[in-house]
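Trainee: This structure is in structure tokens; I'll ask about it shortly.
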Amino acid sequence: MKWRFATVADVHPETGRTTSIALRVPGWGGHLAGQHVDVRLTAEDGYQAQRSYSIASAPDDDGLVLTVEEIDDGEVSPYLVEELQPGDELELRGPIGGYFVWEESKGGPLLLVAGGSGIAPLRAMLRHRLARNGDVPVRLLYSARKLDEVIYRDELTRAAENDGIDVHLTLTRERPDGWQGYARRIDRDLIAEVAWPPAERPLAYVCGPTPFVEAAADALVSLGHDPGRIRTERFGPTGS
Amino acid sequence: MHISRGFHGRRAEADPARVPPGQYVTDDFPVLSAGPTPRVPLDQWSFSMRGEVDEERRWSWEEFQALPRDDVTVDIHCVTKWSKLDTSWGGVSVDTLLDGVDTEATHVLAFCDGGYTTNLPLADVTGGRAWVAFAYDGQPLDPEHGGPARLLVPHLYFWKSAKWVRGLELRSDDEPGFWESYGYHNYGDPWREQRYAGD
């Protein structure tokens, strides 16, 4: 698969640790919501490092957006989050992955379960669903440690208020006064409350850190959901 | 080559002869799977050798445990860029499972709980290069990492080392497996950086 040059059009901090990087990629052939790209950086002496990042923009959007979380003592993510500026060039290739993807033909109802920056590929799916103005019902369950770590917060609020998307937040570490949402780690009961019953056969996409994905996917299976309709994407502590 | 302005990188201290191009070394053991972790009770587990064989072979968990065990220490390389050095595994060599089997097969398709499959040339799982591993670091293999048993083919990218493996289908054709059908490379040699179709 061919490496391409991408130009940074914009960098937009989302939270204290995450930044969305908008890219222009000449010759880009499009992608499906949920796919990722490989990014390659090269130092002056020729040393190179590569990492994979989910695409956070919908196929319907202009350009390509990557939302990157800075990993403590990471090698690539601190550069992308702290150093990269509009006008810089990056090498990337993709799109990669054909299983953790959603398009209208896959139907629904669509259950999106995100932990932390695992929201990125699910946001691409959500935006794709909204851009197509289809009728597939969507529920999003999003777990973050605290409110100011909720990525795309304004966008998700608008989707809930204006577009009929069912958005449920759970804050696992810190809650603002008067918080009305969930306030614990995702468990079986929480999934049971938010998800459609198994008889509705929702198509579930779960993305986040490994323990989060294990817990959410296990809960779905134990509630009676078909494992064949649960798609997962996991990133470990080294997903830098 | 395009220089990334202001990127210095963190040079790996590992021996470059052990870390394939585009990989970095980690001490963690990241998990990557396409779906939920299957959990099959050991009394319902079996391992099969089927397809182009005179007679299908099948081992229960107890029978499998009674086979000669190999303990190996190998480096593993995941297509998502991490490599992990000196990992210790216990399991049964695929040579042992194929001992005495007369076959015209050229390839195998590994099949797994959860529906995952991956394809490999028969030559890549014989000659002391592949195992069905059920122990990691002296402990039973964790379900997240493919327990009770996974294929271990360390000379190829790690998606070829199928988790939750339940058998090998010997074939006279090369049937693409799960990731191989989604744009990943058919063979997956990390030293030639065969990550995706066309690499």
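The values are calculated or read from the model by the stated rules, or taken from the named source; none is laboratory data. As the structure is a computational prediction, the values presented were derived from the model and not from experiment. Because the Cβ atoms are built from the backbone with ideal geometry, glycine has one as well, and the counts that use them run over all protein chains shown. Please note that ligands, DNA and RNA were not included when accessible areas were found on the heavy atoms of the full protein model with its side chains. Shrake-Rupley method; radii C 1.70, N 1.55, O 1.52, S 1.80 Å.
Trainee: So which residues in region B:6-38 are charged (D, E, K, R) and at pLDDT 90 or above?
Mentor: Once the filter is applied, which keeps residues that are charged (D, E, K, R) and at pLDDT 90 or above, region B:6-38 yields only B:R18.
Trainee: One residue is enough: does region B:115-134 have a residue meeting the conditions touching a Cys at 6+ places or on another chain (Cβ under 8 Å), in a helix (DSSP H, G or I) and modelled with pLDDT of 95 or more?
Mentor: Looking through region B:115-134, none of the residues is touching a Cys at 6+ places or on another chain (Cβ under 8 Å), in a helix (DSSP H, G or I) and modelled with pLDDT of 95 or more.
Trainee: Hey, does region A:64-71 have a residue that's open to solvent by 20 Å² or more (accessible area, probe 1.4 Å) and not in a loop (DSSP other than H, G, I, E, B)?
Mentor: Within region A:64-71, one or more residues are open to solvent by 20 Å² or more (accessible area, probe 1.4 Å) and not in a loop (DSSP other than H, G, I, E, B).
Trainee: While we're looking at this one, here's another question. What are the pairs with Cβ atoms under 8 angstrom where one residue, in region B:29-53, is at negative phi and open to solvent by 20 Å² or more (accessible area, probe 1.4 Å) and the other, located anywhere, is assigned to a loop (DSSP other than H, G, I, E, B) and acidic (D, E)? Sequence gap at least six, or different chains.
Mentor: B:R50/B:E56; B:E52/B:E104; B:V53/B:D102
For (1) modelled with pLDDT of 95 or more; (2) in contact with a strand residue (DSSP E or B) (Cβ under 9 Å, 6 or more places away or on another chain); (3) closer than 30 Å to B:Y24 by Cα, each residue gets a yes or a no:
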| site | (1), (2), (3) |
| --- | --- |
| B:F47 | yes, yes, no |
| B:E52 | yes, yes, no |
| B:W61 | yes, yes, no |
| B:Q65 | yes, yes, no |
| B:P68 | yes, yes, no |
| B:V74 | yes, yes, yes |
| B:K81 | no, yes, yes |
| B:D86 | yes, yes, yes |
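Trainee: I would also like to ask the following. Where residues in region B:136-149 are under 23 Å from A:R234 (Cα atoms) and assigned to a strand (DSSP E or B), which of them is least open to solvent (accessible area, probe 1.4 Å)?
Mentor: Ranking the qualifying residues of region B:136-149, first place goes to B:Y136.
Trainee: Let me ask something else about it. Taking the options A:L84, A:L92, A:L32, name whichever one is within 14 Å of chain B (Cβ to nearest Cβ), open to solvent by 30 Å² or more (accessible area, probe 1.4 Å) and not charged (D, E, K, R).
Mentor: Testing whether each residue is within 14 Å of chain B (Cβ to nearest Cβ), open to solvent by 30 Å² or more (accessible area, probe 1.4 Å) and not charged (D, E, K, R) leaves just A:L32.
Trainee: Say whether the condition of being free of Cβ contacts under 8 Å to residues at least 40 places away in the same chain, outside any loop (DSSP other than H, G, I, E, B), within 19 Å of B:T73 (Cβ to Cβ) and not charged (D, E, K, R) is met by at least one residue in region B:177-185.
Mentor: No, region B:177-185 contains no residue that is free of Cβ contacts under 8 Å to residues at least 40 places away in the same chain, outside any loop (DSSP other than H, G, I, E, B), within 19 Å of B:T73 (Cβ to Cβ) and not charged (D, E, K, R).
Trainee: Looking only at residues in region B:54-81 that are β-branched (V, I, T) and not in a strand (DSSP E or B), which one is surrounded by the fewest Cβ atoms within 10 Å (Cβ to Cβ)?
Mentor: Per the criteria, the residue is B:T80.
Trainee: Restricting to region B:21-43, and then to whatever is closer than 28 Å to A:T42 by Cβ, in a loop (DSSP other than H, G, I, E, B) and not β-branched (V, I, T), can you tell me which residue is nearest to the other protein chains (Cβ to nearest Cβ)?
Mentor: So the residue we want is B:P30.
Trainee: Looking at region A:115-166 only, could you name the residues that are outside any helix (DSSP H, G or I), on the phi < 0 side of the Ramachandran plot and open to solvent by 70 Å² or more (accessible area, probe 1.4 Å)?
Mentor: Of everything in region A:115-166, those that are outside any helix (DSSP H, G or I), on the phi < 0 side of the Ramachandran plot and open to solvent by 70 Å² or more (accessible area, probe 1.4 Å) turn out to be A:D135, A:R145, A:D163.
Trainee: Give me the pairs, please: first residue somewhere in region B:121-135 and more than 10 Å from B:G90 (Cβ to Cβ), second residue anywhere and part of a loop (DSSP other than H, G, I, E, B) and open to solvent by less than 20 Å² (accessible area, probe 1.4 Å), beta-carbon distance under 7 Å, and either six or more positions apart or on two chains.
Mentor: B:L122/B:A105; B:D124/B:A130; B:D124/B:V153; B:D124/B:L156; B:V125/B:V153; B:R129/B:V153; B:A130/B:V153; B:V132/B:A149
Trainee: Hey, among the residues in region A:177-203 that are in a loop (DSSP other than H, G, I, E, B) and within 13 Å of A:Y142 (Cβ to Cβ), which one's least open to solvent (accessible area, probe 1.4 Å)?
Mentor: A:I186
Trainee: Just to verify a result, which residue in region A:204-225, among those that are at the interface with chain B (Cβ under 10 Å from one of its Cβ atoms), modelled with pLDDT of 95 or more and open to solvent by 30 Å² or more (accessible area, probe 1.4 Å), is farthest from A:R51 (Cα to Cα)?
Mentor: Ranking the candidates gives A:S222 first.
Trainee: In region B:170-199, what residues are away from chain A (no Cβ under 13 Å) and open to solvent by less than 40 Å² (accessible area, probe 1.4 Å)?
Mentor: B:L170, B:G188, B:D189
Trainee: Let me ask something additional. Could you tell me which of the residues A:D135, A:D177, A:D166, A:D187 is without any contact (Cβ under 8 Å) to a residue 40 or more places away in the chain and touching a Pro at 6+ places or on another chain (Cβ under 9 Å)?
Mentor: None of the other options fit; the residue is A:D166.
Trainee: If you don't mind, there's one more thing I want to ask. Note down all Cβ pairs under 6 Å where the first residue falls in region A:1-14 and is touching a residue at least 12 places away in the same chain (Cβ under 8 Å), the second is part of a strand (DSSP E or B) and open to solvent by 60 Å² or more (accessible area, probe 1.4 Å), and they're at least six residues apart or on different chains.
Mentor: A:F5/A:E89; A:T7/A:R24; A:T7/A:E89; A:A9/A:R24
Trainee: Here is a follow-up. Quick one: how many residues across region A:4-29 are within 19 Å of A:T42 (Cβ to Cβ), part of a strand (DSSP E or B) and open to solvent by less than 30 Å² (accessible area, probe 1.4 Å)?
Mentor: Number of matching residues: 4.
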